[in-house]
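Only one structure is covered here, and it is reproduced in the block below.
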């Protein structure tokens, strides 16, 4: 995963054992050496066989052939293709440059499996290249600071699924996370001490490059920039002072003063040197114009320049900004809102609004990439992200009607990990494994879209990712232990396995005031996976049972096993839930799981006897399920829907068809 | 854990929440600041509450009072005591110096628990100081190289259980792990590229110091020094060349040449500067004299100096060495073998031989510490280590007969993690949690020795240790996943939970030749815990059942649940075991677990009915159990013994008493 564009299974298999060796034919440089070292380390970890990086052998297990080196700065259009041929006697990996080799090595790692004869790679012939050249993950490090070790293991995960852009959301209202030597009050006063030094950033970019990943910085302006104003209040559209403790305002930059552009020119000059990538993201989203409206000087500036709306003023700002960004040899990027006919066609638009917005930009001559549908913080199931395609051809005004040249302007997509509700402890499980489904959407041919196959492979990838040090599975266990304060958390896991967090942006209600970014994130909602595999699998069982006409006894037996476990779980869990403040809120969920499961078992009894359940009973059950499906402790019990299907089916054939 | 020397429970409890703050009264320095920062980080991780290091508050949660700073280099006799008083309104931690504060903070962390009102510390008054000043863990990084991140998390674990010495076994036949600027061929040719740079070592020593841990380096000479000779063959007693690939020889240093001492003088001068601790360990164990016997020049030297045995020659070597070590302002340490009347009383003896050896040394005026009984690589249960006391008073010639002054010379002990069979992946589970039992033996009063209480607390500590990043639990899961190649490893865990590795040094049989230190350690024996908690708990159930006169139905029910799980497990596991080369060897164990459990169930049936089992059946069962208790795949099935007890008991009261 992602599925290669062409796979042909062969006969036999290649053994991976202590004799493993690599020969490099053709072009060779230090970047390739590092790639092989990382690969051999990962292969060693995965198999537990201590392999050496350098091995000369007359009969190498793996032969690497590449033609030329990588660009000094990884380019969007750089060739990422590779060919991998594995036979019983050896593997051959060929690519135009080491970037393709990196991808091919990841494919090879995923093919390694344990068999009765040991670790092997099955014989196969693969030709592969990405569908889109821009396959990114945005990580917001402003709302909650994410340290380098966490970012690095996520880079490893990205490389494993062939993503090639880390979009680093480095500043927002809640924090400015980069050391600036020219304007040190940015990080000194705008970060509460949590920022990256320039040396660390350079080392990190090198780490990313060794994994074929570009690092695109985002400094979000003119909105989302409260943290800038703590140190430099003159940039804001209202006089300061500003403090890090949120004051509920949405301060924005003043685009009417020349001093703002002088500041940004120097700042972007510094950052353009620090970040080698050709693209520079200036954010530009969700500009709340209240401060502009309230500032008479800004209002008179707008009148003087014939600007009617705040959008016009932002477009003016972006035009000025674009000139600065270009002057420092970067291509400017921003969110949908920066799109304006006055801006040059060289800018790149990142769409959180959708494929229509993207198609519209493409028609106007702008390049763009999709993030709508790829917001990992919305807690959607992988399948829902998987179904989102940057080239959506189902909507009349979207990609279907684009010319080939216009289509080429849609360069890919980016998943987004906004960090309102994640910490270093649980960010991995909010990104993985779901992000791998998005990675496949962006790499593999459009016609690869079987959801069942996706989930099977996602499961396998999820296990592999733990070898890279990602904690998307293990961290949940730690958090459950913390909540429980005990060693035995088996009953708590049973409950955690069937709940999901509330979806979209419903966790927080703005009427409660601003989000407190220093609040502990140690509740059940913070620990559980965004998607319940267990509930999905149970739903699949119910579907299969329905398809058998409610006759398949083997499936019925499997369902019963789960339902009995769930019905009896609350009794085991009850006293534990009382003993912990952090668990008391899930007490109703635990009770509801028991009730729901009991209803399911009763429905199965009627279905098993092919006897319709009494309507009065069913009505009561359905009313009860309407209650258990409700949000509690910001969680949903995900097995209610499939149980409801069973209850409805228990009405008998007349009713349920 | 370790249990403080005096604990008085109070009334009420102190809440640990977002308002947590620390005030420092009295002495204050940067070492104390760092200690508090580490503490606050750990408390944040443990509770999931993001706490700030610096908090001023009129009503501090924790008040720290200390009198003076730490010694520039931590001394053996430095005061480590502290007093901790917790009431509903606050905690007070007082210690003469920050070293005691460090220990008190660890006690406080262990006291934090989740309750219906949130995280709290129960009210308590503790006075605490260590029984022994030297409480060490030896980690061998020569046989298998252990990188810094793994060592650091083990330092964190040591600090958590108040151990204060890392004995770093830095050189042995299989590798020389320290960069030497004076003799660079030592690390360049003797380490296969796996060594620590001097900068890294300095940073590591500072990390240890911040946790109250001294770092004592060991360079094992004149034996165990093959790796030195690869770069410097002239040091050896036979002409070279020597290669890293073991040649089965046991080469040793030539103590008769002046050039050897010139080399060691320069080398020790360099290392004495690098390692600030007052003690310098020269190994000196297991000197195989074959090379000395075979070298005519050495033989004539011995004759010329009136030496009769190789021991005499080693004593001569040690005398010369001691002068060098003293010259560089260090106290020389070595294993039992260095004990010789010609050596000054300032040296310290580390005993792998036992308490008699230690007592003998103390009587002769030497200081010493115990490692006999604390070898973690022998795969003993925690209870067996726990029973070993440096002041063993049960043996006639040991500590019982020592004068107080002689007793004072027994300064403590060290657990030893020899690394023949551990890698960075599984070293944590070979050290933890068992090491905490040894830590308690060395810290707590001698009369603290209730095994049941120890295991209860060991369990709690084991969970806490995972917050420090130790992988003693999680790594087993990864390794089982690797062996299985599947996501669902529940049945495999059931088996892994009831086996233990073979004990002592029986894993390897020297008749097979030298150990291959590059072999994969990815078998079941490498993954499982040294001690099966499950089997011990089952054994405890059988004991309790016996004590009830085989009448307690609740206990019987618990035993049945386990036995049924074990009896039915092989059916679930069978096909998985066939599919993996790494698991095939445990197939017989899985089958034996089923057979053993079935025998246990049958015995319970007879006991339940108070009817003696037929003798023929019992004889057959016992014969079968004699088979299932046998070593298989280098593992033992640990539930055989308790099941055997049930089978024997099923003979009825006449027989089983």
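Name the shape class, rounded, prolate or oblate, that the alpha-carbon gyration tensor gives for the range B:400-533, where a ≥ b ≥ c are the square roots of its eigenvalues, rounded holds for a/c under 1.5, and otherwise prolate holds if a/b is larger than b/c and oblate otherwise. Since a/c reaches 1.5 but b/c is at least a/b, the shape of the range B:400-533 is classed as oblate. Based on the alpha-carbon gyration tensor of the range B:150-301 and its eigenvalue square roots a ≥ b ≥ c, which shape applies: rounded if a/c is under 1.5, prolate if not and a/b is larger than b/c, or oblate? Because a/c hits 1.5 or more and a/b exceeds b/c, the range B:150-301 counts as prolate.
Rounded to the nearest angstrom and listed largest first, the equivalent-ellipsoid semi-axes of the range A:455-571 from its Cα gyration tensor are 30, 18, 17. Taking other C-beta atoms within 10 Å as the exposure proxy, A:329, A:340, A:167 rank A:329, A:340, A:167 from fewest upward. The modelled label-to-label distance for the pair residue B:459/residue B:258, using points 7 Å beyond Cα in the direction of Cβ, is 6.7 nm. Working from Cα pairs under 8 Å separated by at least six residues, relative contact order for the range B:527-627 is 24 percent. Mind giving me the FRET efficiency for residue A:52 and residue A:11? R0 is 35 Å, r the Cβ-Cβ distance, nearest 0.05 is fine. So the FRET efficiency works out to roughly 0.75.
Geometric descriptor of the protein assembly as shown, per residue, is 213 Å³ (volume of the convex hull of the Cα atoms).
Here the contact order of the range B:93-231, divided by its residue count and restricted to Cα pairs under 8 Å and six or more residues apart, works out to 24 percent. Quarter the surface of the alpha carbon convex hull of the range B:331-390 and you get the mean projected area, 4.2 square nanometres. Considering helices alone, the calculated mean residue ellipticity of chain B at 222 nm is -13000 deg cm²/dmol, with DSSP H runs of length four and up weighted by -39500 (n - 2.57) and normalised per residue.
For the range A:1-153, the C-alpha radius of gyration divided by 2.2 N^0.38 Å, with N the number of residues, is 1.11.
When each of B:509, A:570, A:210, A:29 is scored by the number of other beta-carbon atoms lying within 10 Å, the sequence from fewest to most is B:509, A:29, A:210, A:570. Centre-to-centre, using Cα atoms only, the range B:611-629 and the range B:16-56 are separated by 60 Å.
Computed on chain B, with alpha-carbon pairs under 8 angstrom and 6+ residues apart, the relative contact order is 11 percent. With its label point put 7 Å out from Cα toward Cβ, residue A:356 sits 9.2 nm from the same residue's point in the other copies, in order from shortest. Using equal-weight Cα scatterers in the Debye expression, the normalised intensity of chain B in log10 at q = 0.06, 0.09 Å⁻¹ is -0.39, -0.86.
Shown for residue B:341: label points 7 Å from Cα along the beta-carbon vector, and their distances to the equivalent points in the other copies, 10.8 nm in ascending order. Scanning chain B for the beta carbon that comes closest to the axis linking it by rotation to A yields B:474, 3, distance in whole angstrom. Stokes-Einstein diffusion for the range B:338-460 at 37 °C, viscosity 0.692 mPa s, with a Kirkwood radius from C-alpha pairs, works out to 215 µm²/s. The radius of gyration of the Cα set in the range B:3-82, together with its Dmax, comes out at 14.6, 40 angstrom. Sorted into 10 angstrom bins from 0, the C-alpha pair distances of the range B:603-657 split as 25, 49, 20, 5 percent. Note on the range A:67-136: Cα convex hull, mean projected area over all directions, 5.6 nm².
Reducing the range B:430-499 and the range B:193-250 to their Cα centroids gives an inter-centroid distance of 31 Å. Between copies, the label points at residue B:262 (set 7 angstrom from Cα along Cα-to-Cβ) are spaced 7.0 nm, reported in nanometres from shortest to longest.
Rounded, prolate or oblate: which fits the range B:543-637, taking a ≥ b ≥ c as square roots of the Cα gyration tensor eigenvalues, rounded meaning a/c under 1.5, else prolate when a/b beats b/c? Since a/c reaches 1.5 and a/b is larger than b/c, the shape of the range B:543-637 is classed as prolate. Considering the convex hull of the alpha carbon atoms of the range B:137-206, report its projected area averaged over all viewing directions, in nm², one decimal. Approximately 4.6 nm², given one-decimal rounding.
Only the coordinates and a few stated rules stand behind these numbers; no lab work does. Every value quoted in this text rests on a predicted model; they were computed, and no experiment measured them. For neighbour counting, all protein chains shown are included, and Cβ atoms are generated from backbone atoms with ideal geometry for every residue, glycine included.
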